Structures are given as structure tokens and as C-alpha cells.
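Enquirer: Would you mind keeping the following structure in view while I ask a few things?
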Amino acid sequence: MNVKLRRNLLRVALCLIAVAGGFLLSFIGMYHSIILDNSEFSGAGAVLPPLEGLRVVSEAEPVEMSPGDRILVSAKGPSTTLVFEITSPETQQSREISYTLHMGFKKQFFLSVPAIVGGEKDPFFVE
Amino acid sequence: MKKKDRMHKGGIEKFIANFGWPRIIIAIFLLLLFVIAPFIGIDVGTSLSDMLVRVGMNGILVLAMVPMIQSGCGLNFGLPLGIIAGLVGAVTSMEYNWQGLFGFGMAVLFAIPLAVLLGVMYGYFINMAKGDEMMIGTYVGFSVVAFMSMMWLRLPYRNPLLVWGFSGTGLRTTISLTGFWMKVLDNFLAIRIGPRFFFPTGSFIFFALCCVLVWAFFKTKTGIAMSAVGSNPQFARAHGVSEDRMRIVSVVLSTVLGAVGMVVYEQSYGFIQLYMGPLYMAFPAVAAILLGGATINSATISNVVIGTFLFQGILTMTPSVINGMLQTDVAEVIRILVSNGMILYALTRKGKGTVK
Amino acid sequence: MKKGLVLALVVGLWMGLSAGAAFADAEFHIGMVTNTVSQSEDGFRAGQAFLKKYGDVANGGMVKHITMPDNFTTEMETTISQIVSLSDDPKMKVIVVDEAVIGVTEAFRRVRERRPDIVLLAGEPQEDPNMITAVADMCVMADHISRGYTIIYGAKMIGADTFVHISFPRHLGIELLSRRMNIMKEACKDLGMKFVQETAPDPTSDVGVAGAQQYVLEKTPAWIEKYGKKACFFSTNQVHLEPLFIQIAKYGGYFLEGDSPSPLKGYPGAFHLDLSNEKGDWPAIMAKTEKAVVAAGAGGRLGTWAYSATYSMTLGLGEFGKAIAEGKTKASDAQALVKAMETATPGVTWKSTYYRDKNTGVQKKNYVMLMEDTYVFGKGYLHLTDLEVPEKYYKIK
Amino acid sequence: MKPKYSLKGALISNLVPIVFLMFAAFAVPMSGLSIPYLLHEMISRLARDSLLVLSLVIPVLAGMGLNFGMVLGAMAGQIGMVLVVDWGLGGMPALLVAALLGTPISIGLGYFCGYILNLAKGREMVTSYIIGFFMNGAYQFLLLYCMGSIIPITNPELLLSRGYGIRNSMDLPNIRQVLDRLVSVEVFGMDIPILTFAVIAVFCLLIVWFKTTKIGQDMRAVGRNRAVANGAGIPVEKTRILAIIISTLIACYGQIVSLQNLGTINTYNSHEQVGIFSIAALLVGGATAENASIANVFVGVFLFHLMFVVSPMAGKNLIGDAQLGEYFRVFVSYGIIAVSLLLHAWKKRHEMLERRLLENDGKE
């Protein structure tokens, strides 16, 4: 009886470890799709125009975005950092803005680039 | 009162034991489908004649299972060999533009010698591999179908109605029998009631004829010897019956029936299906005979008839009724589960004549 | 058995040696991958026609024509290795696959890894547009999205009041086909027609082509009775067409065009056409088919595209690929592709649009959707290509 | 009587691989494919398919023939993969989670399969073949009707537009070749997936070790003679079920490894051919329904897939018609299985007859 109990307890423990391991692995290994939109953003009163000469550096290859473009980048793990390089077409001066996104278990994010660059607190938009 | 009751009960039990639970359940299920059908706008007359046409169409192919089961060779998964013979017969008859019952007859005539030849070869084959007949049969069937796919492209058939329109050589995947001998048996003495009900008398007469012939064959000396080989090889050997020879005869018979069955199938179906078409054709026939109550070492004509009716009934009725009821396509899945479930059920049952 | 094998080997060796005697001298090679004759005659014949025009690699020409497995749904691995094996030829510059069945994306990826210089072209991809466009240089497809509207419009034009959509799960699992069905449903509602969905067996399942055709043959009269003689039928599978035509000619009903329309799909079998003399002469094939259809009393009720969709796209992609390899155009030039299509099909104008992803609304510039005008036998062209498809249908998911 | 080593004996016992090797020797030059390409292809296929074929070894040990029921394991692996893709996992964690998910499913399915096979003693092969078909129906039901309606699926890329049911093909963008690429070495321009081979090697060692354990010994006893094993107090039915469970489990992992290499799931068909091809490969490697070793697995995968890659091209060049090549391949692959089954059966019968003759001689 004792042996049986111990065995069962061991089994349950193993199962729990497996489930916990699964969760942990899911947390680390989850891919999220981030949809970046470079069109006019209107939220909290301010209207932010689309950006010109924009380059996005993410976990994947860097992408150029022109106004009105919408791209999809994917990122792995609980959080990611996106870097936006903006080169002004007139002055050819460029600035860099980095943005860290905590993603958790949510799969999809719709982000407006003008909003991030413009320093909006809530750069998400609903599709 | 009590005694009578018990007797009555005994009668039912006996009937059930004879007929078998699975068949009763399936039969009730089928009946239920027919009862439901009118309420969801499915015409019973049409469904019934669809079912009957299909019974006439498939019956002989199911019958082709009997000789090999009886001689202890198991289920004939090598049926595609017979089917190939039937196809060659049909195509050859059409090449010469023969029509009507004559065309049908010639197709059968062309098919039989080829079936005998293939049957003898296949018989030798499986005699080398006793115990593994079903597995080997499956693969022999598959490879012959692939081999014939090459042949269909290369055989010198030239009738423009048979070959690819574009190049003028190589047989088409599907060939229509319209204008040749489409439904010659089905329409022979056919009974039509109203616009919807149709009874394919000719096919049933032909099916019955084949059943009687097979039944009569098992009453002959050779037939009895064949059953003996299957049910009790030691006994048969002791009586000087050559086991190998009997098995070959049974394979030949099965293959010939398969060939004839295929020609009947084609005339009713109205199309000839070449290339990879015959690949899985053995499975419905196997499922049908097992549904009819046969085991892998004993099968009777009544198994064939009951099995064909039940199986084809389920096949015609389930998709239309379930589709009508649920508006989904789940019927296709149910068909897969039912037919393979039946084969599985039969394989797990300990047959009466199991000698192990 | 063994003797046969030995014989085959000896014959093979001899043929292999004799074939090896003639060596390739074309500057570059084009790999042509099509289905087998039994799966899709149009595609295979287009491959053969292309092979004939530019010569077999084995005889110093520029085309290498191979086929995908007959049951391509189950043998993805074979599809992949067949396509990848083309990249083994150092002269290979272009690979054209039509129809791009499941597994082609992966095959293209592998080719890309080995040989980044090979141009990859896909016709009628069955995989998700997002998948295939990530690797292929250019894809073409019949314009299923616009046709979701134009087919219904055309059906109404020829006098139908009910639209019967016949398909099965595997096909409805293909993004574009299920989207088209939803568009059709919506278009029916807008144009005042009744939309009905019916199921018929999948010919690649264990019932086979025979079982699928038999089911359609048996069911069509019942459908016509149920939905009336003004029902217009549509099937996503070409195998269903032959029995459908036979029954429509006999019992009434309409059929506008197939999933991938072609006068060779269904018509020769259903109306007993001997097309061996026409040999790829599409106008002649159409004339002959028209005569037979009208004679069968089905004039004005059955239609198709004058040039087979698959045939035209396969040849068009081939010509396009050749132009790319010769440096005459770029792989991203969709207009050049349409021009190549038009050389392959004299007398036809192709209406082209880019595929738009339903979720993000992003246009895929390497996924071109093409459409040809519908021809109804005994009635003539319907001029559906001139039709302006309302914007809202492109947004239906 | 100790069998003496003889050339004839060695030839006969390796008849099938030798026939195949001869076939390959003719077909390779005929196909016109280059040797580096073929080597590359073979390495990739060895990594992809060995584990699947390996799953067949244990049931043979237990005397249950070639387990066509391994497709059940493949299904379990695929279900795991589908869920993992739906959850948006990628990289190695995704593979591990898929394996974790597949494990209980394949144990359950393995138990079911073993139970049925216990009811059908003596015809295990054909029964497991039909179980494969039967469960395929259940699998379709689960993926086409339950997923998205009962089992939540949130990824719209996976779901059919009608709202439930999984699409027919699925890309594995973040999972593709993660195992193969994690640790790989380039030799003569060919990537050799070291880690994948390491995983396969671990499973080989496990099987070798398992054979030496008490249960492994029991299994062998059951395989040799059920009645004797039963008499010796070995729980025959339980042991047989265990053999099938192990086989199903390895097949599940095998399918996961194979899918990550392929990079695409053909949702409703990927698993169908797995059984037939794996068994063909094992048979080609010289195994029989009674006897299979790990060497058979690798020789078999190599030879069978070599033929697989070469024969369409060889057939095409042989007959000079693009599509005959394809039928030729099907004909050869099925034909070979039939012939090798036949050869084995014939050999077995021959040996039995000889033994009987010897026994009779002894009596007289």
C-alpha cells in the first residue's frame, strides 16, 4: 500500500513537472506577431502623421517602411526590443528610438510606429 | 407461461446468435435512416433504388471473396488483380466498338482468360507465403495497379473514344460507357415504379446466377475439398487432397469472379476507372463481406448477400441523411469509421473454424 | 518477376547509355514540373507542348519535364525531392511548377538554399498565399476572388435563380476556395439568388475518382429536382464535372465554369468528343465541343473558358521563365508575365489583379490573379472581364 | 547445431538488401543525378526517417510482426505539432512541448492498439494496418470537427474559414529544421545535422539497453513462444501491449523529428504513408516480420530512399516519358515489399520443412 502510494505520488509529481516544464517552455519559445503600421495615428487628441525614411530593426532582418506601409515582424520570448531609425529626407539626419515590448502569452500586437515615435503611452490600435 | 416465455426468449437468442449483433444493430440503423429520410426531404424511392443499383453493382465483387476465404487464404486483398483483368476485358471490348449485351459478353470473355492467368500466378505466389496472404495480397495488388498504370499509357489502344483527346494515345483516366454497354444489365427487364423507383433486374439476375454457381461449386467434389483444405488442412491432407492445388483453384476462382464483378460494376456505373482507381477497391468488398457475418476463415453466400445490402445501404444513406440533418460533411468521416470498424471487428473475432 | 526485373535493367542500361550519347548544348535549362496525365491532363500537355517547343534537355534542348506523384496529397516527400532534384543540374535557371501542390513551398525553400540563382515560379498554388509568396519569385492563380462575384453574376445572366456549390472538406481547407465560397454566398444574397452548399466525396479519398463520380451521377437528378431546373451548379473539383455535365444536359440546370476552367475538363468524356485531330488547337476544340453540347440540347446552359486555365498558366509561366533566363525581363515584373500569357494564348485578354491578404490588406506583388472571359456554349462570351467587381467583395473573409 | 558461416548463407539471409543494392547500382547512373546531390539527400532522409523506422523494432521483438499501427504515433505527434503551432511556439521549446503533448496521446493510442492486437493474435499485421485506417477516420474527426469547436484553436491561419477544423497544410516557419540546425557540421558542402543523429543514437542505445532488461527479455520470450512464456509466468498480453506502446511513442517522436525536417505539415495526409514507407524501408534493410535489428533500420532507410529518389528519374530516362517515371516508382516500391515479404515467407517455410525433415530423420 505504501509502495503504491509512493509510486502514485511520484507519478503525479512527474506529471506536474511535465506540465510546468511545458508552460515554461511555452513562455520561452512563444512567437508573437507584431504588426507595425506606419500610417496616421489619432489617439488621445493628438494626430500623428506617418513617418518618412523609416527603418525598423527587429529580431528579423531590418525592413524599410514608407508612409502607409504595414509590416509584420515576429519576435520570440517574453519580451522584445524594436529599434526605429528615422532618417529625415531633407536633412539626412537620423535618429534612433528603441522600444521594448512585453508580450507574455499574447500572440498578436498592432502597433502604430508614429505613436511610438511620438511618445504615445498607448501606441496600440484596434483592427 | 414461464416455460413458454423462456422458449420464446430462447428463440430470439438463437436468432440473434445466428444473425449476429453487429448486423442487427447496423440493420436497425439503416432502417432508422430510411425512416428519417423523408422528414429531411430525401426521397425514399430514389435512395432505395440507388441502394439496389449499388448492390447489383458490387455484389459479385463481394462474392469474389468467398472462394479464398473458404480455402483458408483469408480475405482477398489481392482483388485488384481480378479488377485489372475486368478492366482489360472491358477496354478491349470497347476498342472494337462492340455494343449492348454482346459487348458486355465479349468484355467478360476477354477478362476471364486473363483472370485465370493472373489467378494462377497469384496462387503460386501466395502458396509460397502461407499465413501472410493478406499482407502480400495488399502489396501485390498495389504494385500490379501501378504496373498497369504504365501499361494503360502504352498499350496500343487507338479507339478515339478511349484515348486521351489531346495526344491520341494512352487510355483516359475515366472512360464513359455511354454508347457501348452502359447499364445493359441494369436495364434488362428493369422494373420502374413511378418516376423515382428503379429496380435493376438484370444485374440481380446475374448476381443471383453467380451466387448459385458458386454455391453449386461448393457442392461439387472440388468445392468440398476446397472447404476441407480451409477448415481442416490435416484432414484434407490425410484424404489425399492437394492443399496447394486447391488454394490455387480458389485464387483463380476469386480472381475470375473479381474480373466478372468488375465488368458488371462498370456496366452499371457507366464509367471505367483506370490508373490508380482500382487501388483501394478491395477494401469496400472486404468490409461488406465481413459486415455480412463472414469471418476470415468462413464465408457463405448469405454473408455475401446480407453484407452487400447492409454495407451499400449504409454507404448510400449515411452521407445524404447526415448531410441533410447536420448540414456538415461529417458523413465522409463516419463512412471511414464504419467500414474500417467493421473490418477491424471481424479481424478481432475468433472465427468458428479457427485452427490454431 | 526476377527475369522481368533483369530485362528491365538491361533495357534501361542500354537506353541510358544511348541517351547519354546526346549531350546538352542549350545555354540554360528550364525545369517544368506538372501533374501526371491522370491527375490533370491540361497541365501535363502544356508541359509537353513546352518541351516540344524548346526541346528536351536529353537531346540538347532546354526543357526538363518531370511530374509530381500521382497521389500528391499523400506523398509530399516525393513532390519535394522531385522538384529539388532539378536543382542538381548546374545549368538549371528556372523551375516552373503548375499546379503547385502541397509541399512545393518547402521544395522551393530547399532549392533556394542550394541554388539561390534559380528563378522559382509557381502556378495555381494550393498552399496558403502567405506561405508560397515568401519563397516563390512569382505565383499565378485563377482569380478566385473576383470570380466569386463574376460567376454568380454570370449565372444570373444566363437565367439561373439558385446556385449550388459542390465541394468537400479538403478543398474547403484551401484558403482561396473557401473564401470564394463566402463571396459567392454574399453575391447571391445581393443579386437575389439562392445559395446552397452540397457535399460530394473527395476523389483522393478511398472511394476514389469512381466513387466520387458515381455519387455526383446519382445525386445530380435529385439536386435538380430539389432546387429546380434553374439551378446553376459549381464544383471545386474537376472530377465531379463529367457526371455533372451528363446529368445537366439530360435533366436541366446550368453550369457556368469550373474551378480551373478548361474545355478539356469534363466535356470530352461527357459528350464523347474525339479531339485527337485538334491536338492543342484550342479554338478548334471549342468549336467541336460547342457543336456537341448544342446537339445534346444543353446550349446556353454550359460554359467554360476558351483556353484552359492550367494549360495557359503553365505555358505562360514557361515563356515568362525563359524570358527571365534570357535577361529580357525581371522575375518581379507582373506585366511581363501577363504579356507572356498572351503570347501563349493568342486572342485572349487576361484581367489581372494582385492578391490582397484578407487580414492585413497588404497586396502581394508576387501573387498575380488572372481571369479570362467565360464562354457559354450556344450563347457566346459573357464579357465578365469587363465587369467591375464591387470593392466590398474583396474584404469578405 | 551451430550454423557455420558460409557465403551462400550470408547471401541468402541478406537477399533483399543485395537485390536492392544491385537495383541501385543500375538505377543511380541511369537517373543522371550527381553523387553529391544523392549523398546530401540520403543524409537528410536518414535524419528524417530513421527514428520512425526504429519504432518498428520493438514489436517485432515481441513477435507481433511489423506494426502498421505506428501511424497512430505519427498522428499523436502531429496533434502535438498542430497545438504547438497554434500556440505560436517556436524553436526547440516548440519541439519539446509537442513531444510532451504527444506522449500521453500516443500512450493512450498505443494501449488501444495493443488491446485490439491482443484480440487478433496471429493476424497482427493486417489488423494493425486496418487500425491505421480506422484511426485515420478518428483523427480526421478530431482535426476537422473538434478543433476550433471543442478544442480551442485561436490562430486564424490554422483554422478553416468556416470557423472550425484545421487547414490542409500548415507551414512550420519557426520550427522548421530547428533540431537539424542547432548543432550541425558542414562536410564537403553538406550540412550534417549532428543533434538529430544524436537523438536517433540515443533511441538506438535505449532499444539496445531495453533488450537486456527483464521486460526486454520477457518480450523476447513472448515473441518466441506465447504458450511457453505464459507458462513461465510472463504476463503475455501486458507485455505485448507494452511493446506497442513503446513503438507508438517512438513513432510519435519520430514524426516530430521528421516534420521539423520537412518544415510543412500536410495535415490530413502526412501520416498516411508513414507506415507503408517505414515498413518498406525496414524490409528492404533485410529485416523480416520475425527479426529486425538496428542495422536493418539504417541500411533500409538508406537503400529504400535511395531508390525512392533515383527511380522516378531513372524510370523517366528508361522509358522516356515524364509520367511513366512516377508510376514506375510506385510499382517498384510496392513490388519490392511484396517480393521481400514473399522471399521471407518462402525462406521461413523452406527452413521449417528442412527442420521437419531433420526431425523425421531423427525419429527413424
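Every number here is computed from the coordinates shown, using simple stated rules; none is lab data. Not measured: the values here are computed from a predicted model. Every residue, glycine as well, gets a Cβ built from its backbone with ideal geometry; the counts of neighbours run over all protein chains shown.
Enquirer: Can you compute the modelled spin-label distance between C:K395 and A:S33, with each label point 7 Å from Cα toward Cβ, in nm?
Expert: Rounded to a tenth, the inter-label distance reads 2.0 nm.
Enquirer: At what distance in nm do the modelled label points of A:V83 and B:I224 sit from each other, each positioned 7 Å from its Cα along Cα→Cβ?
Expert: In this crude spin-label approximation the distance works out to 9.5 nm.
Enquirer: Another one. Between the helical axis of C:76-86 and the dominant principal axis of chain C, each derived from Cα atoms, what acute angle in degrees is found, rounded to the nearest 10?
Expert: Relative to chain C, helix C:76-86 is tipped by roughly 50 degrees.
Enquirer: Same structure again: Give me the percent relative contact order of chain B, please, defined on Cα pairs under 8 angstrom at least 6 residues apart.
Expert: Numbers: 585 pairs, mean separation 106.6, N = 356.
That works out to 30 percent.
Enquirer: Still on this structure, please answer the following. Hey, could you pull the Cα Rg and Dmax for the stretch A:31-117, both in Å?
Expert: Just the Cα atoms of the stretch A:31-117 yield Rg and Dmax of 12.9, 41 Å.
Enquirer: With only Lys, Arg, Asp and Glu charged, each at its Cβ (+1 for the first two, -1 for the last two), find how big the charge dipole of chain C is about the Cα centre; round to the nearest 20 debye.
Expert: The dipole of chain C has a size of about 500 debye.
Enquirer: With the cut-off at 17 Å, report for the stretch D:45-141 the share of all Cα pairs above it, as a whole percent.
Expert: Taking all Cα-Cα pairs of the stretch D:45-141, the fraction more than 17 Å apart is 55 percent.
Enquirer: Keeping to pairs on different chains or 8 or more places apart, tell me how many lysine pairs in chain D have Cα atoms under 22 Å apart.
Expert: Lysine pairs meeting both conditions in chain D amount to 11.
Enquirer: Among the aspartates and glutamates, which have Cα under 19 Å from the Cα of C:K53 when same-chain residues fewer than 8 positions away are ignored?
Expert: C:D25, C:E27, C:E41, C:D42, C:D98, C:E278, C:D281, C:E319, C:E326, C:E342, D:D321
Enquirer: Could you tell me which of A:I86, A:I35, A:I97 has its Cα farthest along the dipole of chain A towards the positive end, charges placed at Cβ (Lys, Arg +1; Asp, Glu -1), taken about the Cα centre?
Expert: A:I35
Enquirer: Another one. What trypsin sites (Lys or Arg not before Pro) in the stretch B:157-209 are in a loop by DSSP, with at most 15 other Cβ atoms within 10 Å of the Cβ? If you can, show how the numbers build up before the last one.
Expert: Numbers: sites: B:R158, B:R172, B:K183, B:R192, B:R196; in loops: B:R158, B:R172, B:K183, B:R196.
Hits after loop and neighbour filter: B:R158.
Enquirer: Then there is this: Let's test this: bin the Cα-Cα distances of the protein assembly as shown at 20 Å from zero up to the farthest pair and state each bin's percent.
Expert: Each 20 Å bin holds this share of Cα pairs: 10, 39, 37, 12, 1, 0.
Enquirer: How big is D for chain D, in µm² s⁻¹ as a whole number, if Stokes-Einstein is applied with the Kirkwood radius of its Cα pairs at 10 °C and 1.306 mPa s?
Expert: 73 µm²/s
Enquirer: Which whole number of Å³ per residue matches the convex hull of the alpha-carbon atoms in chain C?
Expert: 146 Å³
Enquirer: What aspartates and glutamates does A:K107 reach when the alpha-carbon gap must be under 18 Å and sequence neighbours fewer than 8 apart in one chain are set aside?
Expert: A:D37, A:E59, A:D122, A:E127, D:D86, D:E157, D:D171
Enquirer: Pull out a ≥ b ≥ c, the square roots of the eigenvalues of the alpha-carbon gyration tensor of the stretch D:294-356, then state rounded if a/c is under 1.5, prolate if not and a/b is larger than b/c, and oblate in the remaining case.
Expert: oblate
Enquirer: While we're on this one: Under 10 Å, Cα contacts only: if you run a Gaussian network model on chain B, which one of B:S339, B:S298, B:S149 comes out with the highest mean-square fluctuation?
Expert: B:S149
Enquirer: Now for a different question. When the C-alpha atoms of chain B are aligned to their principal axes, what extent does each axis show, in angstrom, from largest down?
Expert: Projected onto its principal axes, the Cα set of chain B covers 78, 61, 36 Å.
Enquirer: Of the options D:L159, D:M190, D:V178, report the single residue whose Cα projects farthest towards the positive end of the charge dipole of the stretch D:144-191 (beta-carbon charges: Lys, Arg +1; Asp, Glu -1).
Expert: D:L159
Enquirer: Would you list the membrane-span-like helices of chain B, meaning whole DSSP H runs whose alpha-carbon atoms span at least 18 Å along their axis and whose mean Kyte-Doolittle value is at least -1.0? It would help to have the intermediate numbers written out before the result.
Expert: Numbers: long enough: B:2-19 (25 Å, -1.12); B:21-36 (22 Å, 2.64); B:44-63 (27 Å, 1.27); B:80-95 (22 Å, 1.42); B:100-127 (39 Å, 1.83); B:133-154 (31 Å, 1.11); B:201-217 (24 Å, 2.21); B:243-269 (38 Å, 0.65); B:301-326 (37 Å, 1.32); B:331-348 (25 Å, 1.34).
Passing helices, by number: B:21-36, B:44-63, B:80-95, B:100-127, B:133-154, B:201-217, B:243-269, B:301-326, B:331-348.
Enquirer: If you don't mind, there's one more thing I want to ask. Measure out, as a whole number of angstrom, how far apart the alpha-carbon centroids of the stretch C:133-182 and the stretch A:60-99 sit.
Expert: A separation of 37 Å, based on Cα centres.
Enquirer: Once you've got the GNM for chain D with C-alpha springs shorter than 10 Å, pick whichever of D:H40, D:H344, D:H305 has the biggest mean-square fluctuation.
Expert: Highest fluctuation of the listed residues: D:H40.
Enquirer: Output the 0 to 90 degree angle, nearest 10, between the alpha-carbon long axis of helix C:175-191 and the longest principal axis computed from the alpha carbons of chain C.
Expert: For helix C:175-191, the angle is close to 20 degrees.
Enquirer: Same structure again: In nm, to one decimal, how far is the modelled label at A:F124 from the one at C:A134, with both set 7 Å along Cα→Cβ?
Expert: 2.5 nm
Enquirer: Let me have the relative contact order for the stretch A:31-117, percent, based on Cα pairs under 8 Å that are six or more residues apart.
Expert: Value for the stretch A:31-117: 38 percent.
Enquirer: Going down the table (C:K91/C:K330; C:K265/C:K397; C:K265/C:K291; C:K230/C:K291), which pairs top 27 Å between alpha carbons?
Expert: Where the Cα-Cα span goes over 27 Å, the pairs concerned are C:K265/C:K397.
Enquirer: Looking at chain D, do any whole DSSP H helices span at least 20 angstrom along their long axis by alpha carbon and average -0.5 or above on Kyte-Doolittle, and which?
Expert: Within chain D the helices that satisfy the rule are D:15-31, D:35-54, D:70-86, D:91-119, D:124-141, D:194-212, D:236-262, D:294-319, D:322-363.
Enquirer: For C:S235, which sequence-distant residues (separation of 5 or more, or a different chain) have an amide H within less than 5 Å of its own amide H, given hydrogens modelled in the peptide plane?
Expert: C:I166, C:D259
Enquirer: Within 10 Å of each residue's Cβ, count the other Cβ atoms and sort A:L82, D:L101, B:L189 from fewest upward.
Expert: B:L189, A:L82, D:L101
Enquirer: Here's something else I'd like to know. Any aspartates and glutamates with Cα under 14 Å of the C:K185 Cα? List them, leaving off those in the same chain fewer than 8 positions away.
Expert: By straight Cα distance, C:K185 reaches C:D161, C:E198.
Enquirer: Please check which bits of the stretch B:299-316 a label hung off B:I28 would reach, taking the label as a point 7 Å along Cα-to-C-beta and the cut-off as backbone N under 18 Å.
Expert: Counting backbone N atoms under 18 Å from the label point, the list is B:310-311, B:314.
Enquirer: While we're here: List the longest stretch of chain D that has no exposed loop site; here a site is one of the chymotrypsin sites (Phe, Trp or Tyr not before Pro) assigned by DSSP to anything other than H, G, I, E or B, with at most 10 other Cβ within 10 Å.
Expert: Between exposed loop sites, the widest span is D:6-187.
Enquirer: Using Cα pairs under 8 angstrom and six or more residues apart, how large is the relative contact order of chain D, in percent?
Expert: RCO, chain D: 31 percent.
Enquirer: Moving on to the next point. Say R0 is 25 Å: what FRET efficiency, to the nearest 0.05, do A:S98 and A:L72 get from their beta-carbon distance?
Expert: On the way: r = 19 Å, r/R0 = 0.78.
Once the sixth-power term is evaluated, E becomes 0.80.
Enquirer: Any chance you could give the angle, 0 to 90 degrees and rounded to 10, that helix C:144-157 forms with the longest Cα principal axis of chain C?
Expert: It is inclined by approximately 40 degrees.
Enquirer: Which value, in debye to the nearest 20, describes the size of the charge dipole of the stretch B:186-259 about its Cα centre when Lys and Arg Cβ atoms bear +1, Asp and Glu Cβ atoms bear -1, and nothing else is charged? Before the final figure, lay out the partial values.
Expert: Numbers: 7 positive and 3 negative charges, 22 e Å.
Using only the charged Cβ atoms, the result is roughly 100 debye.
Enquirer: What is the gain in length, in nm to one decimal, between C:L191 and C:K226 on full extension, counting 0.36 nm per residue of separation less the C-alpha to C-alpha distance?
Expert: Difference between extended and current length: 10.5 nm.
Enquirer: Which residue, C:W350, C:I80, B:S268, has the largest displacement toward the positive end of the dipole of the protein assembly as shown when charges sit on each Cβ (Lys, Arg +1; Asp, Glu -1)?
Expert: B:S268
Enquirer: How large is ³J(HN,Hα) for each residue in the stretch C:242-258, as worked out from phi by the Karplus curve 6.51 cos²θ - 1.76 cosθ + 1.60 (θ = phi - 60°), to whole Hz, x for Gly and Pro?
Expert: These are the phi-based 3J(HN,Hα) values: 4, x, 4, 5, 4, 6, 5, 4, 8, 9, x, x, 10, 8, 8, 7, x Hz.
Enquirer: Can I ask one more? Order these by the 10 Å Cβ neighbour count, fewest first: B:K221, C:K185, D:K316.
Expert: Going from sparsest to densest Cβ surroundings: B:K221, C:K185, D:K316.
Enquirer: Next question. Ranked by Cβ crowding within 10 angstrom, fewest neighbours first, how are B:V304, B:V144 ordered?
Expert: B:V144, B:V304
Enquirer: Also: Mean residue ellipticity at 222 nm from the helices of the protein assembly as shown, using -39,500 (n - 2.57) per DSSP H segment of n ≥ 4 over the full residue count, to the nearest 500 deg cm²/dmol?
Expert: -19000 deg cm²/dmol
Enquirer: Taking the Cα centre of chain D as origin and charging only Cβ (+1 Lys, Arg; -1 Asp, Glu), how large is the dipole, in debye to the nearest 20?
Expert: Dipole magnitude for chain D comes out near 1000 debye.
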